[in-house]
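Since the structure comes first, as structure tokens, the remarks are kept for the end.
The values are calculated or read from the model by the stated rules, or taken from the named source; none is laboratory data. Keep in mind it's a predicted model, so treat the numbers as computed, not measured. Cβ placement follows ideal geometry from the backbone for every residue including glycine, while neighbour counts extend to all protein chains displayed. Surface accessibility is based on the protein's heavy atoms, side chains included, excluding ligands, DNA and RNA. Shrake-Rupley method; radii C 1.70, N 1.55, O 1.52, S 1.80 Å.
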Amino acid sequence: MTDHKVKIATTSLAGCFGCHMSFLDMDEKLAILSEYIEFNRSPFTDVKHCEPSDIGLIEGGVCTAENVHVLREFRANCKILVAVGACAITGGVPAMRNYFDLRDCLEEAYLHGAGITNPQIPDDTELPLLLDKVYPVGDVVKIDYFLPGCPPPADAFLQLLLPLLDGKAPQMTGEKLHYD
Amino acid sequence: MANNEHTITIDGTEIHFKAGQTIMDAALSAKIYIPHLCHYPGLTPSGNCRLCVVELNGKDVTACTTQAQPGQQIRNQTPELNAARMAITQMLFVEGNHICPSCEKSGNCKLQAMGYYLGMRDEHYPQFNPRREMDASHPAVLLDRSRCILCDLCVRASREIDGKNVFAIAGRGIHAHLIVNTVSGKLGDSDIAVDDVAANICPVGAILIKEKGYVAPIGRRIYDQHMISDVAFDEHVPEHKEHGND
Amino acid sequence: MMNQYSNHCVDFNASHVLHRLYEIQHTERHISAESMTLVADEFKMSVSQVASVVSFYSFFYLEPVGRYHIQFSNCTSCGYQVGQLNLLEKICRLLSVVTGKTREDGWVSVGETSCTGMCDHGASMLINGMPLARLDDERITQISCLISEQKPLEQWPVEWFRVESSIQKHGLLLSETLQPGSSLKKVLVSAPQQILNHIIDSGLRGRGGAGFGTGKKWQFCRDATGEARYVVCNADEGEPGTFKDRVLLENNADALFEGMAICAYVIGAKKGYLYLRGEYRYLLGHLQNVLKRRYAKNLLGQSILEQAGFDFDIEIVVGAGAYICGEESALIESLEGKPGIPQIRPPFPVTHGYLGQPTVVNNVETFIAATHIAKNGSGWFKSMGTKESTGSKILSVSGDCRIPGVYEYPYGVSIQQVLDDCGADNVQAVQIGGPAGTMVARKDFSRQISFEDLSTGGSFLIFGENCDLLSVNQNFARFFAHESCGFCTPCRVGTSLLTNSLQKIMDGRATPLDIHEIKQLSALVKRYSHCGLGHTAANHILDSLQQFSERFEKRLTQKTFTPQIDLDAALAAARKMTGRDDADAHLE
Ligand SMILES: Cc1cc2nc3c(=O)[nH]c(=O)nc-3n(C[C@H](O)[C@H](O)[C@H](O)COP(=O)(O)O)c2cc1C
Ligand code: SF4
Ligand code: SF4
Ligand code: SF4
């Protein structure tokens, strides 16, 4: 393995942080791994913007304009970009809104839904604007590797990362492959 | 082996076949797996999914519809064929709405299992996000067309085994869709029964038995434990039922 | 009174489920669930079969179309894009109607349909199923006035509906005249096998595109065991740019029916069908009249020409808008009242065809050639053409040329010769055999029309210097996506994916990576599809990429990756709902 620490950045777009939790599920292996890696922008660190990194891990699909900006920032700064989990790879559960018009979704959520007191579609410019659909990250930027699963098991992260740390292409065996 | 009177060769392995068998039949009897989704032993082959395309003396044929003939030289496990199979599987994924984490069939689904078998890690093609009608009108059987891969198995099983005619495929091209043979078009008005082969043969989560979801925990479902290439050999539809279910 | 055509079509509409559905569509402007149940009852079919037929054929609608229902051809030759002018958009504007949506008041609907076979007539439409050709700016304005006045079609100027037989060059077949029955009379003095030997000896090969030996086909059918045998004429002529069968049906129907009867005599068939594409329904009256005359002359019916035991009837079945029904096994499915899904082959129709019985399916031109071979001998036929391609080929020439029309040449004619004859200068490319055929660039215009070199069902599309070939590819790709029957995965999904990929190139958003992708996808659709439609659907893209790669490259961006979607457009819905237009409400 390389002598300097491999820099890893992670983020969750339209995801549930489940993939991040699964990463942490590595338990004691995490301690070993931490000798070889360090985190840049990530919910683990609170670094706000992605700096040049070796590997970027993206959880979640692309749901808003802001997601697009973050994803592009990662692509621009990470040598290797990995789509992690069902939502990043296919849109996943958030993409269930794709079977409805955005208008119907918003009206249901903010105008006609149960228990709404002040019906109004939020239009504050501080809020990220929604895309018409939730897209897989691979539709928006080039992705180098995909790590399927909902979430991918902790071991799958290792299977992916260990070869990458060695500068090799990861090989995932069929047994580890899961879409749920 | 002495003579090739009743043998064919698949990827260098010579196997016996019985007269009337297709290449698929012969391969399955010899425990050689040729990927397939729209074929189910005991039903008339259809050849629509195209996963079982093999090279027969240099020509591309579907194993499920091609008669085994003495001396055939067949290539099945080649990098090109498997790459194409993966692309076709990805097409089936993007054509419908497959959100495995929220699907009752997950773990027991053949489309998924095909993805695992072929090492599919993403869907590759842009998704179609079709809007297809869900039919929950039947008390015991659910039809979620979002996940239908148009394999035609339920259509054939109903006609050939259940002795009914519950399903058909309608529409053209990318608009092809499954319909129900009732005036209302609703499953609730059909004579399908829970233990009909047609209600249980769907390779994906398009036809589901209600109140049966998630019975096996993760890790204990079929394709958590086995590859599709191992499960395929034990499949056969039951014999034809005379009058369906009374 | 057995020998009367009317006996065989007492009620044309009741004779076939497609005809019955057409009648309902025509009177009620759609086919309701109740109608489907009714038809299912009448034809002893399941409702799902009727429903799948209705949803398979383009000319049946589940929701009412307008009292004036306009379908513009979207072919590159007879389509609605005339230079810079989009006739479809224009009429929509004039009549305040949106494409594909019937106007609120129920009077008008406007849509597109695949090539209507009027390529020698310029831009064309079907209005309530009737062809109306030679469309231009002025005619569109006139039409929209008449529609606004709600003037019945019967009161529109008749000359608007005139379809001409633009035969520009008479060759071997087109210069023949036929005294109805003269060829048949000659045939009947010989034994069937002897006639068959003439056909085999002539070297005649199918004119529908695939070029299978006609004599061999008839022999297979004759030798096959079955309870009955059938003769089917494929007049589905759906390959965009082909209209020679239309012209032959207009002018040479006698020779066609005579050829079918000769085939019946050879193979021992009692029944024949002419499968006429729905777009040519306007020819139905004419064809029925020819049949009537032939029945009256005892050239059809019982004991034809007094030959005891030689009985042969012909019925016409009219399709309803599905290119795939030109594929012979799909055609037979359609004849049987089903969606046109190509069947697994083998078995081939010659052994398992209509109703599972041995069936010969031949193209219109093939039967006509057989008639004349039977009359003039195989030597006459072989005197022209090349070794593998005897006789002549009737071409439908259209596109960027001064004299479009039907041209008949001996096989072996060069592309350049045809271009010279039809007045085409500065030609960039020619598409031989329609979208399913081969794209030929200028440097290859010395290539010849023949089974040895460029085979064609007859379509000869010319693209001049100013034509945007990429838009031609996009047109073809849309055609295949629209006409894919949907049976098999690679074609059903792949043809739609190809359309989207080409659009990305057209929009200038594609990268070299996308070109690589489109090549792979094309190869996949070509290799893994079930039938000829899928096998050929991507040829035009592969041809273009090979011969006109610079045209693709010009449209590419220099980026290494671009999104599949237009991200800014994906924000439009939310912008509209929130009324936002700030910088954060946009994406590059
Ligand atoms: C997608 C497709 C469309 C076809 N369309 C036609 C057609 O419109 N007319 C035709 O004669 N043959 C058509 N064919 C060819 C027929 O399948 C068949 O080969 C032909 O009718 C046989 O007649 P022939 O031997 O006289 O050419 C088509 C084939 C395919 C695969
Ligand atoms: S049907 Fe299969 S592939 Fe589709 S969502 Fe369900 S589990 Fe996934
Ligand atoms: S519902 Fe299931 S079995 Fe029936 S066609 Fe669709 S995928 Fe196949
Ligand atoms: S190739 Fe296309 S047209 Fe032919 S069977 Fe397949 S889907 Fe249908």
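So here's what we get for this one:
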| read-out | value |
| --- | --- |
| Buried accessible area, chains B and C (both chains, 1.4 Å probe, Å² to nearest 100) | 2900 Å² |
| Listed residue pairs exceeding 22 Å between alpha carbons, taken from A:Lys176/B:Lys105; C:Lys271/C:Lys338; B:Lys31/B:Lys212 | B:Lys31/B:Lys212 |
| Amide hydrogen neighbours beyond the local backbone of C:Gly464, cut-off 5 Å, H modeled | C:Asp400, C:Gln428 |
| Within straight-line cross-link reach of A:Lys168, lysines at Cα separation under 18 Å, skipping those fewer than 8 residues along the same chain | A:Lys5, A:Lys7, A:Lys79 |
| log₁₀ of I(q)/I(0) at q = 0.14, 0.18, 0.19 Å⁻¹ - the range B:94-225, Debye sum with one point per alpha carbon | -0.64, -1.05, -1.15 |
| For the range B:228-233, Karplus couplings with θ = phi - 60° (6.51, -1.76, 1.60), whole Hz, Gly/Pro x | 4, 5, 9, 6, 4, 6 |
| Chain C - percent relative contact order, Cα under 8 Å, separation 6 or more | 13 percent |
| The range B:27-150, relative contact order [Cα under 8 Å, separation at least 6], % | 19 percent |
| Apportionment of accessible area to carbon and sulfur, the range A:1-154, percent (1.4 Å) | 55 percent |
| Mean accessible surface per residue for the protein assembly as shown, computed with a 1.4 Å probe while every protein chain stays in place, in Å² | 40 Å² |
| Cα long-axis angle, helix A:154-165 against chain A (0 to 90 degrees, to the nearest 10) | 60 degrees |
| Interatomic Cα distance distribution for the range C:470-553, bins of 5 angstrom, percent | 3, 17, 30, 27, 14, 7, 1, 0 |
| Extreme residue, positive dipole direction of the protein assembly as shown, given options B:Ala140, C:Val82, B:Gly107 (C-beta unit charges) | C:Val82 |
| Cα-based helix-to-principal-axis angle, C:33-42 vs chain C, degrees rounded to 10 | 10 degrees |
| 5 angstrom amide H check on C:Asp313, placed H, neighbours 5+ away | C:Lys271, C:Gly272, C:Gly301 |
| Sparse-neighbourhood loop sites, trypsin sites (Lys or Arg not before Pro) in the range C:159-264 - DSSP loop, at most 15 other Cβ within 10 angstrom | C:Arg162 |
| Rg and Dmax of chain C, Cα atoms only, in Å | 24.6, 88 |
| All-pairs Cα distance distribution in the range C:167-382, expressed in whole percent, bin size 10 Å | 9, 38, 40, 14, 0 |
| For the range C:196-284, alpha-carbon Rg and Dmax in angstrom | 13.8, 39 |
| Shielded by partner chains, the range C:572-588 residues - at least 30 Å² of accessible area, 1.4 Å probe, vs chain alone | C:Ala574, C:Met577, C:Thr578, C:Arg580, C:Asp584, C:Leu587 |
| Alpha-carbon centroid distance for the pair the range C:82-129 / the range B:162-220, whole angstrom | 40 Å |
| Assigned charges on the beta-carbon of Lys, Arg, Asp, Glu; the protein assembly as shown dipole about Cα centre (debye) | 2420 debye |
| Positive-end extreme of charge dipole, the range C:523-588 - chosen from C:His530, C:Ala570, C:Gln546 (charges on Cβ) | C:His530 |
| Two-decimal Rg to Rh for the protein assembly as shown - Kirkwood Rh, Cα set | 0.99 |
| Centroid-to-centroid separation of the range A:81-100 and the range A:130-145 [C-alpha atoms, Å] | 8 Å |
| List C:Ile565, C:Ile199, ordered by accessible area with a 1.4 Å probe, largest first | C:Ile565, C:Ile199 |
| Loop-resident sites, the range C:311-397, for trypsin sites (Lys or Arg not before Pro), counting at most 14 other Cβ within 10 Å (DSSP) | C:Lys387 |
| Total accessible area lost when C and A pair, probe 1.4 Å, Å² to nearest 100 | 1900 Å² |
| Amide hydrogen neighbours beyond the local backbone of A:Asn40, cut-off 5 Å, H modeled | A:Ile8, A:Ala9, A:Thr10 |
| Isolated Cys residues of chain B, judged by Cβ distance under 4.7 Å to other cysteines | B:Cys52, B:Cys64, B:Cys100, B:Cys103, B:Cys109, B:Cys148, B:Cys154, B:Cys202 |
| Cα gyration tensor shape for the range C:316-379, rounded if a/c is under 1.5, else prolate or oblate | prolate |
| Cα shape, the range A:6-96, gyration tensor, a/c 1.5 rule | oblate |
| Semi-axis lengths (Å, descending) of the ellipsoid that matches the C-alpha gyration tensor of chain B | 31, 21, 17 |
| With at most 10 neighbouring Cβ atoms within 10 Å, loop trypsin sites (Lys or Arg not before Pro) (DSSP) excluded, longest segment of chain A | A:49-167 |
| Sum of -39500 (n - 2.57) over DSSP H runs of 4+, divided by residues of chain C (222 nm, nearest 500) | -11500 deg cm²/dmol |
| For the range C:167-382, share of DSSP beta bridges that run antiparallel, in % to the nearest 5 | 10 percent |
| MRE, 222 nm, helices only [DSSP H, n ≥ 4, -39500 (n - 2.57), over chain B, to nearest 500] | -5500 deg cm²/dmol |
| Accessible surface of the range C:392-467, 1.4 Å probe, proportion on carbon and sulfur as whole % | 41 percent |
| Residue mean of other protein chain beta carbons inside 10 Å, C:561-569 | 5 |
| Chain-alone versus full-assembly comparison, the range C:447-487, residues with accessible loss of at least 40 Å² (1.4 Å probe) | C:Phe487 |
| Qualifying GluC sites (Glu not before Pro) for the range C:153-237 [loop in DSSP, other Cβ within 10 Å: at most 11] | C:Glu227 |
| Total charge dipole magnitude, the range C:167-382, about the Cα centre, Cβ charges on Lys, Arg, Asp, Glu only, Debye to nearest 20 | 420 debye |
| ³J(HN,Hα), Karplus 6.51/-1.76/1.60, whole Hz, each residue of the range C:101-116, x for Gly, Pro | 10, 5, 4, 2, 7, x, 7, 10, 9, 10, x, 10, 8, 5, 2, 9 |
| Mean Cβ count within 10 Å, highest first, over the residues of peptides B:46-52, C:114-120 | C:114-120, B:46-52 |
| Apportionment of accessible area to carbon and sulfur, the range C:167-382, percent (1.4 Å) | 50 percent |
| For chain A, convex hull of alpha carbons as volume per residue, Å³ | 132 Å³ |
| Mean residue ellipticity (222 nm) of chain A, computed from DSSP H runs ≥ 4 via -39,500 (n - 2.57), nearest 500 | -7500 deg cm²/dmol |
| Within straight-line cross-link reach of C:Lys101, aspartates and glutamates at Cα separation under 15 Å, skipping those fewer than 8 residues along the same chain | C:Glu63, C:Glu89, C:Glu112 |
| Area of A:Thr64 that stays accessible when all protein chains are in place (1.4 Å probe, Å², to 10) | 20 Å² |
| Folded to 0 to 90 degrees: helix C:364-376 orientation relative to chain C principal axis, Cα | 30 degrees |
